[in-house]
Each structure stands twice: as C-alpha cells, then as structure tokens.
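Below is one structure, written out as structure tokens, with a few remarks after it.
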Amino acid sequence: MKNKKIFIIIFLTSLILFFFLYKVIDGIYYREVSNLIDLEVYGYGGSMTIYGDRSLVLILIVLFSIITSSVFIYIYNQREKNFLEYIKMIKSKLSSLSEGDYFISIDEVNSLGALYDELYKLVLELREGRELAIRDKLKLKENLEDISHQLKTPLASIEILIELYKENKDEKHLDKIDCELSKINYLISSMLTIARLDVNQIEFKSEEFSIREAINASIESLEAQIQENSIEILADGEDFTIIGDFYWIVEALINIVKNSIEYGRSQIQIMTRKTNVYSKIIIKDDGEGFSKEDLNKLFQRFYKSKNSAAGAGIGLNLSKNILEKHNATIFAENDRGGKFTIKFY
C-alpha cells in the first residue's frame, strides 16, 4: 500500500515533468526551425509534432514516467531493505552486548562502517563496567567474609566475659568487655573504610599541603601512646608539599607510626627527602626489625606478626591503600630496626 502511493506520486510527477520538458523542447525547436522554413506548409501548426504523431508522444511520455517510477521504487525498496537489515544487525549486536557477548566479526565491522568506532567504544565501556562490577561484587563479598571472620573472636570473648561477670560480679570483666567493644568498633570502622576504598567510593580532596604538617598531626594523634611507651620521636629533613587529601594522608601516617611505636625500643626517626623524581618519607624504629615472613606479608589484610601483641592486622593494609590512591608507594625493610619508605611521585 505504501509503495503503491509512492509509485502514483512519482508517476504523476514524472508525467508532468516529462510533458512540460517535451513542450519546452518542442517549442524551442519549432521556433528555431520556423525561422528557416514555413512549417505550416508541411502541416506543423505551432509544434514539431504533427497531429497523427501526438498520440505516440503521449504514449512515450507515459512509458518513460512508468519506467522512471519503477526504477525509483526499486531503488527505494533496496535502500529500505538495506536500512532495515542494518537496523536489525545493530539491534542484534546491542542485544548480544547486553548479554555479555562483546565479539564483533570482520563482516560486522565492514557493515557497520562509521558506526563501528562508536559501537567499539560502547563495547569497551560495557566490558570495563561489567568487569568492574564483578570485581566490586567479589571485593564486597570478601570484605563481608573478612568482617564476619574477624568479629567472631572479640564477640566470643565478650560472651565469655559476660558469663564470668554474672558469676562473680567482678568489675574487671566489664573493663575487658569495654576493651573488646573498642576493638570491634575499630575493626568495623577500618573494614568499612577499606571496603569503600576497594570500590572507589571515597572522594579524596585535591589540595596542596606541607608534609611536615601531616607528620606533626599524626604524631599529635599518637601522643598518649608515645608517652606510654617512652618513645622519642626524631624528625628531620627538608619539608615538601604534596597534592592530596590531608586527612587521609595523616590517617595513613598514623597507622605506620603506630606500628613503629609497637616494635621500637626507645626511638623513632622520621626523615623527609626530596629528589627530582619523587619525594619520600622514611619512618624508622630501633627495634629488632621484621622477620622474613613479616616482610613478605606485612601489608596483607589481617596479617599479624608473631611478635604482635595488639592490633587487628588492618592498619598497614589501610595505609597502603590510601597511599596508592595518592599515587604513592610504600615498602618495608630492615635497617638496624624496622624501616618504612613512602615515595610520592
């Protein structure tokens, strides 16, 4: 029905155009020839077509109009068919992409033409998004399992302490319960922070600040522990600035210095250095240093050294994650005690 209407419109248009064209050409030709000879003598009256030939001319005009309309309809149908096949292929490919099939054949590349570049970008974005979603889901599962596992010990301790308190009403059990609750609070807070870091849900500020200010802030936060352990803090070196989130850098430094306080004997050195390539912080204690096993696993989540008396094994892992988000690296080594080196690039 649609093609029939188009055919009629094209046919009538062609008929009018061909007839008009014929009349224009015939009129011009008649005037030119009549200037040379008297055409009326030969039976031509205002036209180069004599009366008997006019029906033939009209038939030819109608025939040309039919041929023109038919050719146009054929081309139109072919283009529409190709377009529908093109749309069908795009729908099929988009459907495959939604199901996780990112393969694009050579024939499809040739057929898609200019659209291939945009579709290829979409494929990459979908693939990366899908892989990221899978990774985030796995990380979330691991974090939930870690939290569940780590909560079992303090919760079991609290349950035992509550039973003991019921039996003898000893106040020291309440103090221990309070201590275990503090551990749980720290554990949950740290794990939620790590989980947010893993899935890039924390927006870090981008501000310039002095590394010396960050170091001083971390030392102030640990003042009570420093005094309790009779640790002397020696800080020297040139100050430098970095661009990042002051609060989170301080958090990372607190965990590292806290580790040095635990393993140091009497002194912790915090040195800052600057080169043309990077700026670095060295945090060094005068303890026994790390064992070989410690050096291999020190930054693993929940890893606790055999000599560790406190902590949940989260702090150094959290610090590493925070520093990496700030384009920095951290590694540990032995140098007449434990030594951490942080490099900002």
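The values are calculated or read from the model by the stated rules, or taken from the named source; none is laboratory data. In this text, all values refer to a predicted model and were calculated from it rather than measured experimentally. A quick note on method: Cβ atoms are made from the backbone with ideal geometry, for glycine too, and the neighbour counts reach across all protein chains shown. Surface areas here come from the heavy atoms of the whole protein model, side chains and all, with no ligands, DNA or RNA. Shrake-Rupley method; radii C 1.70, N 1.55, O 1.52, S 1.80 Å.
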Which one of the conditions (1) modelled with pLDDT under 70; (2) open to solvent by 50 Å² or more (accessible area, probe 1.4 Å); (3) of a type in the set (D, E, K, R) does residue 93 fail to meet, given that it meets all the rest?
(2)
Filter result (open to solvent by less than 60 Å² (accessible area, probe 1.4 Å) and at pLDDT 65 or above) within the range 48-68
57, 61, 62, 65, 68
Could you grab me the full set of residues in the range 168-212 that are acidic (Asp, Glu) and either crowded, with 17+ Cβ neighbours inside 10 Å or assigned to a helix (DSSP H, G or I) (or both)?
171, 175, 178, 180, 198
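Yes or no, residue by residue, for (1) under 27 Å from residue 184 (Cα atoms); (2) of a type outside the set (A, V, I, L, M, F, W, C); (3) outside any helix (DSSP H, G or I):
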position	(1), (2), (3)
281	no, no, yes
288	no, yes, yes
294	yes, yes, no
299	yes, no, yes
316	yes, no, no
321	yes, yes, no
324	yes, yes, no
332	no, no, yes
342	no, no, yes
Out of curiosity, is residue 280 over 13 Å from residue 234 (Cα atoms) and out of contact with any strand residue (DSSP E or B) (no Cβ under 8 Å at 6 or more places or on another chain)?
no
Working only within the range 216-235, note down all residues that are surrounded by 11 or more Cβ atoms within 10 Å (Cβ to Cβ), more than 37 Å from the chain's Cα centre (by Cα) and in a helix (DSSP H, G or I).
220, 225, 226
In this structure, does residue 238 turn out to be without any contact (Cβ under 8 Å) to a residue 12 or more places away in the chain, of a type outside the set (A, V, I, L, M) and either under 30 Å from residue 265 (Cβ atoms) or loosely packed, with under 12 Cβ neighbours inside 10 Å (or both)?
no
So the check is Cβ under 6 Å with 6+ separation or different chains; which pairs have a first residue in the range 185-199 that's over 14 Å from residue 248 (Cβ atoms) and a second one that's basic (Lys, Arg) and open to solvent by 10 Å² or more (accessible area, probe 1.4 Å)?
198/139
Starting from residues that are over 34 Å from the mean Cα position of the chain (by Cα) and of a type in the set (Lys, Arg), keep the ones in the range 241-283 and report whichever is least open to solvent (accessible area, probe 1.4 Å).
258
